[in-house]
1. Restricting to region 279-295, count the residues that are surrounded by fewer than 17 Cβ atoms within 10 Å (Cβ to Cβ) and assigned to a helix (DSSP H, G or I).
2. Take ASP215 and decide whether it is of a type outside the set (A, V, I, L, M), closer than 16 Å to THR99 by Cα and modelled with pLDDT of 80 or more.
3. Could you list all residues from region 170-220 that are among the acidic types (Asp, Glu), crowded, with 17+ Cβ neighbours inside 10 Å and closer than 19 Å to ASP58 by Cβ?
4. Going by the conditions given, is GLU147 over 35 Å from the mean Cα position of the chain (by Cα) and either modelled with pLDDT under 90 or not charged (D, E, K, R) (or both)?
Amino acid sequence: MGWWSDKLDSVKSGCSKVASWVKAVAEKGVDLAKDAAEAMYEGGAKLYGRVTGKDKYDQAKALYEELCRKAEEAQKAFDEFVDDRTREIAEVVDRINETKTALQEGRFSRFVVLANRFANWEVNDAITLDVAKRASNQTVKLRARDELFLIDFDRMGFAKRAGHLLFLGLFSRKRAKETLIKVQEQESVLKAELAKLDAEKARLDVVLASLQQIDEYFQGLVTIYDRLLDELAYAVSMLGAAYSLNRAAPAAKLDIYFLPRQHLLCLMGADKLTRVLHQMRKLSYLNAECQLLEKDKAELADAADQSKCMAEKLGIAA
């Protein structure tokens, strides 16, 4: 009984090994079959692509999608840049406008009161700068897909695909090749469009820097003007006091003949700078398209230089 039991166990073990081997061979066969099927499919797809031109279409499609992605990213980055520059430009323009308003409502009024002690004076015409709501509306422009793709395998039915294969791509291959060429041409278009965005960014940087410089010019001129008005106020006060000591009634007008030379020069300087600042206030410096007016900026820069020279001659620190 023991001998038969051992033999039976041995047979069972052998059968199990055979079954495992058969299963392994079967699984390997299935894998090989799958690989073969995939290889046949890939080979068939490549053959179909070469015959019908779909391989060129796939290249054109991938390239166009990449170009669109780059264009979208560039446009998004540019829009964010423009938003930042528009805000910064608006802030500087607001400061310049505040200075213009302060000149008209405060400093010019003060000069008129002081100067009217010698002669009649009047300063009018309040003008402010306007800034565009958006500093730039530049956009990246690529041709639409429908304008470039002369054939579209993705929207093509089975019958039409089979027809192109049947006729060995007689018509489809040429259209696919022309499509790829058209899309490739958009690479240079995108390059040119991105260059335009870079140029526009550089222009806005120049506009912002120039406006900041204009703001500095105004602040420098206003500082000198304030010093002149302080000197003039002191001169009027001293001359008025002298008049009151020598007259029974205060004089309606003061005679500049009695002003010390330094104070007379301050009056003349304040008169000149009032005219200059009044003219500088009337200039725009920036048009509605957020383009810098170089002539206006040059006039302001020249006025600032002349005022500094005048302040140095009068011994007034700017």
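The values are calculated or read from the model by the stated rules, or taken from the named source; none is laboratory data. All of these numbers come straight from a predicted model, not from anything done at the bench. Heads up, the Cβs are rebuilt from the backbone with ideal geometry, glycines too, and the neighbour counts pull from every protein chain shown.
1. 4
2. Values: of a type outside the set (A, V, I, L, M): yes; closer than 16 Å to THR99 by Cα: yes; modelled with pLDDT of 80 or more: yes.
Yes.
3. GLU178
4. Details: over 35 Å from the mean Cα position of the chain (by Cα): no; either modelled with pLDDT under 90 or not charged (D, E, K, R) (or both): yes.
Considered against the rule, which asks whether it is over 35 Å from the mean Cα position of the chain (by Cα) and either modelled with pLDDT under 90 or not charged (D, E, K, R) (or both), GLU147 comes out as no.
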